[in-house]
Amino acid sequence: MGHIVFASPPIERFPLLMRLRRELLRRNHRVTLLATDPIGATFWRHQVGEVVAPASAAPDAAAGAHAAIVAARHGLGARQLARLRRQSAGLHRWLTVEPPDLVLFHDRRSPANACLQQAAIDVGARVLWSGDGLLPGTLQIDDVGVDGDASCRRWTAADFRVVTPERALLDACVAHALAAPAPFELPPPEVVVPAMPARLRDFAALLAGGEPRLAIDSLRGWRRAQRVPTAEPELAGPAAPAAGHGPSFVVLLQRDDDPALRLDADAPPTAEALVRRAAAAVRGIDVGARIAVVTDRPDRAALRRRCADLAGVTFVPFAAARVWLATAAGVVTVNHRLAGLATACGTPVVHLGRGLFDVAGVSTPTTVEALPQGLERALRRDHRALRRRVLTWLLRHGHVWCDADHPNHNGMLGLVQAVERRLAGQVTTRPLPYRAGPTWPLATS
């Protein structure tokens, strides 16, 4: 059977990754957890016993050159680049000694993971990425990356002509997203709290290394595995568009730390600038249209105060995002993943960055300066057949129906199946009976 490496497993995805590890071990695969930071190494060592944390090494020319490219993309300084080069060399050395069959990355597009991915390719290992999907309760699956790095972004409309649209699947996906039913979750594993001496050692080492924020996180970072909801107050606002008040447009904002915003958009505007630009573009099309701003940014209350001078602009609760996206006349965003739900509902999407929904004819790319023209183009054209073909492929083949925070049985079958398909004939057990699509309402059909 195969040797599978979990690369930099995120602590916040503890239930998902622990369940996946258990299922892979049951099918006689060898699973290794590889940590690229001391906080993750300490946490996972307390959960599974053995964790690999490769030591840094002197970089060679190839590893150093690739690390420089990664550092430039992530905006790292000279000191961070030097550290990344040494870390990249250490990862490459470990993979050469212990070559895996597949390296699994989940959602974390960090500089270390970018170097680790290149090292895995260099030693001939397969790579698999997973990450939060376009619809609630789904995960992206791709051999190259997630969001703007996904391999399917290289395809054009012509590449989807061979896909047969599945109307029943798409209707079920939209119904599931709008109904927001409670997931059928498997029992979550118990979190083992890392011992205080181990956390104090990490704290001292990170503090001495000039990482005070990470040092503080080393003492309490394990709490991310407990899925405790944030206590941020929700903005007051309409939970759904009111009837009889004309069309509404949605501005879908992202958090500043969203990797898609940082890595898949060229010089994105600030949140306030995007709201103002979008409001001006909408006013040029329909003076009486309403603009609903949907965001879970921690500074949303302050942002609302700064935008109080904009007539017709309303900030709505993020919990109501699904209803607003499904009923809007158009959506403006940089590249928020929830724009995929708007696309599934047939709502025109105008975006300034790259994403999975970024296919010519399905969504409309534009720039801040050309936002009015982009919005007009999006409202004029509707390639319904193409949109259904793209979404059918994405939701059947490019996604697994598994909630990242509340994994269910069918979703775990899909993840294991995605892993085993890439093990090049090394799997001798029977294929798993995974079914693409939401548990509800497909289960009632």
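The values are calculated or read from the model by the stated rules, or taken from the named source; none is laboratory data. This is a predicted model, so every value here is computed, not measured. Note: ideal-geometry Cβ built from the backbone for every residue, glycine included; neighbour counts use all protein chains shown. Just the protein is used for accessible areas: all its heavy atoms, side chains included, with ligands, DNA and RNA removed. Shrake-Rupley method; radii C 1.70, N 1.55, O 1.52, S 1.80 Å.
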Taking the condition out of contact with any Cys (no Cβ under 6 Å at 6 or more places or on another chain), open to solvent by 30 Å² or more (accessible area, probe 1.4 Å), in a helix (DSSP H, G or I) and not aliphatic (A, V, I, L, M), does R354 pass? no
Scan the stretch 124-134 and give yes if some residue there is out of contact with any strand residue (DSSP E or B) (no Cβ under 8 Å at 6 or more places or on another chain), surrounded by fewer than 23 Cβ atoms within 10 Å (Cβ to Cβ) and small (G, A, S), otherwise no. yes
Scan of the stretch 263-298 for residues that are in contact (Cβ under 8 Å) with a residue 12 or more places away in the chain and closer than 23 Å to G75 by Cβ, ordered by number: L263, D264, A265, D266, P268, P269, A271, E272, A273, L274, R297, P298
In the stretch 109-131, how many are closer than 18 Å to V31 by Cβ, of a type outside the set (V, I, T) and not in a helix (DSSP H, G or I)? 5
In the stretch 191-205, is there at least one residue being of a type in the set (K, R), part of a helix (DSSP H, G or I), in contact with an Asp or Glu (Cβ under 8 Å, 6 or more places away or on another chain) and open to solvent by 80 Å² or more (accessible area, probe 1.4 Å)? no
Can you tell me which condition V332 does not meet? The list is (1) under 17 Å from D142 (Cα atoms); (2) modelled with pLDDT of 95 or more; (3) not small (G, A, S), and all the others hold. (1)
Anything in the stretch 325-347 that is under 23 Å from R276 (Cβ atoms) and β-branched (V, I, T)? List them, or say none. V331, V332, T333, V334, T347
Residues of the stretch 93-110 classified as open to solvent by 30 Å² or more (accessible area, probe 1.4 Å) and under 21 Å from the mean Cα position of the chain (by Cα), total: 2
Of the residues that make up the stretch 380-390, is at least one in contact with a strand residue (DSSP E or B) (Cβ under 8 Å, 6 or more places away or on another chain) and crowded, with 17+ Cβ neighbours inside 10 Å? no
Name the residue, out of V334, V368, that is touching a Leu at 6+ places or on another chain (Cβ under 8 Å) and open to solvent by less than 10 Å² (accessible area, probe 1.4 Å). V334
From the set of residues in the stretch 360-375 that are assigned to a helix (DSSP H, G or I) and touching a Gly at 6+ places or on another chain (Cβ under 8 Å), which is farthest from P136 (Cα to Cα)? P372
Mind checking whether some residue in the stretch 62-77 is open to solvent by 50 Å² or more (accessible area, probe 1.4 Å) and closer than 26 Å to M196 by Cα? no
